[in-house]
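Down below is the structure, laid out as structure tokens.
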There are 2 protein chains.
Amino acid sequence: MAARPSGAKSKGGTPAGGSPRPAPGDEPALSLERIVATAVDLLDAEGVDGLKMRRLADRLGAGAMSLYWHVASKEAVFDLALDRVLAYRAPPDMAGPGDWREDIVHMLEDWRESMLRHPWSASLLPRRALGQNILIRLELLGRALAKAGVAEADLNGAIWSLWNYVIGATITRASFDLTDDDRAAGQQRLTSEAYPTIERSRLLLDNDWDGAFRKGLDFLLDGLARGR
Amino acid sequence: MAARPSGAKSKGGTPAGGSPRPAPGDEPALSLERIVATAVDLLDAEGVDGLKMRRLADRLGAGAMSLYWHVASKEAVFDLALDRVLAYRAPPDMAGPGDWREDIVHMLEDWRESMLRHPWSASLLPRRALGQNILIRLELLGRALAKAGVAEADLNGAIWSLWNYVIGATITRASFDLTDDDRAAGQQRLTSEAYPTIERSRLLLDNDWDGAFRKGLDFLLDGLARGR
DNA sequence: GATTGACTCGTACAGCGTACGATGCGATTT
DNA sequence: AAATCGCATCGTACGCTGTACGAGTCAATC
């Protein structure tokens, strides 16, 4: 019996060591890195319900139980896959004296795009927050808002307002992405039942999601900048 | 073999008939109504992962497979439980000439509270939208915004902005509810790593969620009312 | 050469959703 | 009264899941 590494270790930067196993057949050997990357691929291809430990192991050319040396549980795979997808490389001028508003919009739009590129991430987020990369984004958000002159007492509220908006917009958008004829069916239901207003505005069709996202974000930023 | 009713039929108003079965032992007989209500109880008590068909049947004093006469699948149980929890009784003056802003705030705060009363609903929502009661709320939202003078072309965007915000705020709040020492651990992590801004503002602790929700909502409504 | 520790994997098990067919029972038809 | 029918219930069984367990492999170390 051996002790488990279990948690996701954050290696410094260097791999720090030669390849530990030259691979028996042809595969490049198992590693947390490879497991997470493959999990993301699998999630992209098959969705949340499509991720099974056996299937993931197959893709890696490994036995199902081998994964458990690197990973504590299937839940942990979800956590790691989610956080990996949310990585953010801030533009170099972000720390500088650039326009704070532009910085925020850029980061939040990137956030949204990252999640929409991997729609499963939106439905995973509610259950597990607070990964490494999420914290980085929150930190950047806090800095930009402080730069914008938001009072320290209002900072947390401002951060969470923006966070809430992005999360909500992204989750909604992602969940409406897959079901295309469901939307038509829904709109049909509007017609037959008593929802005249949203039926007339064709709420479930023809939506400019990107534009709406940007507009609401502007409203929020206006309010936050005006302070209180 | 018998045909399934499968979908959730919306009975008119009257039960339209005597009790179909006087119950063999003591139980008040199975029904969709009772199944959904019990599912909500079970979800409240045990969370999303705690809902198993066998356990649900046990609580109902029925065999596991009996549920499938009334319900197409476990997924359908989730759908029905979610929609049930989101029912909304609009105050009678909502259709009248009352303050539109008050109407909206009331409905959205009620929405948020309803979901927070059943935290599992927040994590369920991303996967399945568009239940009956959600549509009702969207319709009411649309009417109030129209009353507020929002141009028809901007109506959908305005509805979705508010929806997004509420969903995001609620999901975030709900997912931060259960993990109390996780929050402390998270805050601890902030200290040891490089997140000075949000560490100083104690982002993960001491949050006035309700106040922040209301403030962000006001910003959004300000922006929407100002038109554009 | 013996030992150790990192790593892999085959087998096995409990628990899940649910397909299927048998069964019971009130109402309807004959 | 007897036969039929449709709604509703449930026992059994099947395929699939996550993963506990322990045996196995190999490189590095002593």
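Table for the structure above
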{"read-out": "Helices (runs of 4 or more DSSP H) fully within the stretch A:49-116 counting 3 or more residues that are more than 15 Å from DNA strand C (Cβ to nearest atom)", "value": "A:74-85"}
{"read-out": "Residues of the stretch A:191-217 that turn out to be open to solvent by 40 Å² or more (accessible area, probe 1.4 Å), facing chain B (nearest Cβ under 8 Å) and closer than 17 Å to B:Leu224 by Cα, as a count", "value": "2"}
{"read-out": "Unmet criterion (only one of (1) small (Gly, Ala, Ser); (2) open to solvent by 10 Å² or more (accessible area, probe 1.4 Å); (3) free of Cβ contacts under 8 Å to residues at least 24 places away in the same chain) for A:Ala57", "value": "(2)"}
{"read-out": "Qualifying position, being at pLDDT 95 or above, within 13 Å of DNA strand D (Cβ to nearest atom) and away from every other protein chain (no Cβ under 14 Å), among A:Asp41, A:Asp58", "value": "A:Asp58"}
{"read-out": "The stretch B:121-137 - residue that is more than 17 Å from A:Gly47 (Cβ to Cβ) and within 7 Å of another protein chain (Cβ to nearest Cβ) and, of those, nearest to the chain's Cα centre (by Cα)", "value": "B:Ala122"}
{"read-out": "Qualifying residue in the stretch A:100-113 (condition: within 11 Å of another protein chain (Cβ to nearest Cβ) and modelled with pLDDT of 90 or more)", "value": "yes"}
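The values are calculated or read from the model by the stated rules, or taken from the named source; none is laboratory data. In this text, all values refer to a predicted model and were calculated from it rather than measured experimentally. Glycine also receives a Cβ, built like all others from the backbone with ideal geometry; neighbour counts cover every protein chain displayed. For the accessible areas, the whole protein counts, side chains as well, though only heavy atoms, and no ligand, DNA or RNA atoms are used. Shrake-Rupley method; radii C 1.70, N 1.55, O 1.52, S 1.80 Å.
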